[in-house]
Amino acid sequence: MVIAIKDKIKNLNIVIGCPIGCRYCYVRNNSRRFHMTDDFSKPVFFENKLRLFDTKKPKIFLLTGMSDLAYWEKEWLQKVSDMAAVTPRNTYLFLTKRPERLKIQTDLDNLWFGVTVTCSAERGRIAALKKNVRAKHYHVTFEPLSDSVGDVDLSGVGWVVVGTETGNCKGKIPTEKIWAQGLAAQAISQGVPVFMKEDLCGILSEDEMIQQFPKEFES
């Protein structure tokens, strides 16, 4: 049975807004539709959501579902890190498309820093992430996957996610089966768990879907 990633990882959008302006960004439209902020290009920190970190049961949160970590203010990340330090039962995930803008060092075991790679031209983001963020855990999201990417060095990476573009956005590039399978094969050969998102169903059969989580996510 194919599972949805949201069943395991919860979005907690503690920051809303991003100035990058990706063509395929659906969250920008959602923000405008529901009037979440006055200007999506200017990130806003919702500090009151820090209270949601205090959970009774362990949870895994993605904190950048509607933002990019590279455009967070330093004090925002510090406040998040401070709360993460006192809620070690939870796991907190971050993503960025601009790792070259970051300068982070942390020993917290429940913070995972990731980078988004959509095509072969963006492979260098993985090395840039590990160079600029000194942390215990890294992950890479290949979504929306728009070409074969090619050979990738996943040394030090703890998890890989693969997905395709959804919706009917102009210029949409559907992911090809061989691209997704090639990435999954590379991850597995390098000992990295890989999760194929549910939106790949139809491109891949249910039997071809690989949905693995890091052992650190087990609770």
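The values are calculated or read from the model by the stated rules, or taken from the named source; none is laboratory data. Treat the numbers as computed from the prediction; the structure is a model and nothing was measured. Positions of Cβ are backbone-derived with ideal geometry, glycine not excepted, and every protein chain shown enters the neighbour counts. For accessibility, only protein heavy atoms count, side chains too; no ligands or nucleic acids. Shrake-Rupley method; radii C 1.70, N 1.55, O 1.52, S 1.80 Å.
Of 79/103; 74/172; 6/49, which ones are farther than 24 Å apart at the Cα? Correct reply: 74/172.
Taking packing as the residue-averaged number of other Cβ atoms within 10 angstrom, the listed peptides 189-196, 210-217 run from highest to lowest as 189-196, 210-217.
Computed over the range 63-110, the alpha-carbon pair-distance distribution with 5 angstrom bins reads 5, 19, 32, 27, 15, 3, each value a whole percent.
In summary, the range 52-172 shows an alpha-carbon radius of gyration equal to 1.09 times the 2.2 N^0.38 Å reference for compact globular proteins. Roll a 1.4 Å probe over the protein heavy atoms and report the accessible area of residue 118 in Å², nearest 10. Here the accessible area works out near 10 Å². Available extension along the chain between residue 89 and residue 25 is 19.9 nm, counting 0.36 nm per residue and deducting the alpha carbon span. Relative to the current alpha-carbon distance between residue 33 and residue 52, full extension at 0.36 nm per residue lengthens the span by 4.4 nm. Loop-resident chymotrypsin sites (Phe, Trp or Tyr not before Pro) (DSSP state other than H, G, I, E or B) in the range 1-90 with no more than 10 further Cβ atoms inside 10 Å of their Cβ: 34. Accessible surface of the range 51-196, 1.4 Å probe: 50 percent of it comes from carbon and sulfur atoms.
With both labels modelled 7 Å from their Cα along Cα-to-Cβ, the residue 216 to residue 2 distance reads 2.8 nm.
For the chain, the solvent-accessible area of protein heavy atoms averages 52 Å² per residue (probe radius 1.4 Å; ligands and nucleic acids excluded). With distances taken between every two different alpha-carbon atoms, the range 168-216 has a Kirkwood hydrodynamic radius of 11.9 Å.
Quick check for you: which residues of the range 62-91 have the amide N under 20 Å from the point 7 Å beyond the Cα of residue 42 toward its beta carbon? Answer for this model: 66-77. Solvent exposure of residue 197, expressed as accessible area, is near 40 Å², computed with a probe of 1.4 Å over the protein chains only. Label-to-label distance, residue 134 versus residue 147, with points set 7 angstrom from Cα along the beta-carbon direction: 3.4 nm. Take every DSSP beta bridge whose two residues both sit in the chain; close to 10 percent of them are antiparallel. Taking the Cα centre of the chain as reference, the dipole from Cβ charges on Lys and Arg (+1) and Asp and Glu (-1) amounts to some 640 debye. For the pair the range 46-71 / the range 1-28, the C-alpha centres are spaced 12 Å from each other. For the chain, the list of Cys residues with no other Cys C-beta under 4.7 Å reads 18, 119, 169, 201. With bins 5 Å wide beginning at 0, the percent of Cα pairs of the chain falling in each bin runs 1, 7, 15, 19, 20, 19, 12, 6, 1, 0. Ordered by solvent-accessible area of protein heavy atoms (1.4 Å probe), largest first, the residues 73, 198, 100 come out as 100, 73, 198.
The fraction of Cα-Cα pairs per 5 angstrom bin, counted from 0 for the range 104-170, comes to 4, 16, 27, 22, 14, 9, 5, 2, 0 percent, rounded to whole percents. Taking a straight Cα-Cα cut-off under 15 Å and skipping sequence neighbours fewer than 8 places away in the same chain, the aspartates and glutamates within cross-link reach of residue 97 are 68, 122, 143.
Seen from residue 107, the other residues with C-beta closer than 12 Å to its C-beta sum to a net charge of +1, counting Lys and Arg as +1 and Asp and Glu as -1. Ellipsoid semi-axes for the range 1-115, based on the Cα gyration tensor and the rule √(5λ), read 22, 18, 15 Å when sorted largest first. In the chain, helical runs assigned H by DSSP with n ≥ 4 each contribute -39500 (n - 2.57); averaged across all residues and rounded to the nearest 500, the mean residue ellipticity at 222 nm is -5500 deg cm²/dmol.
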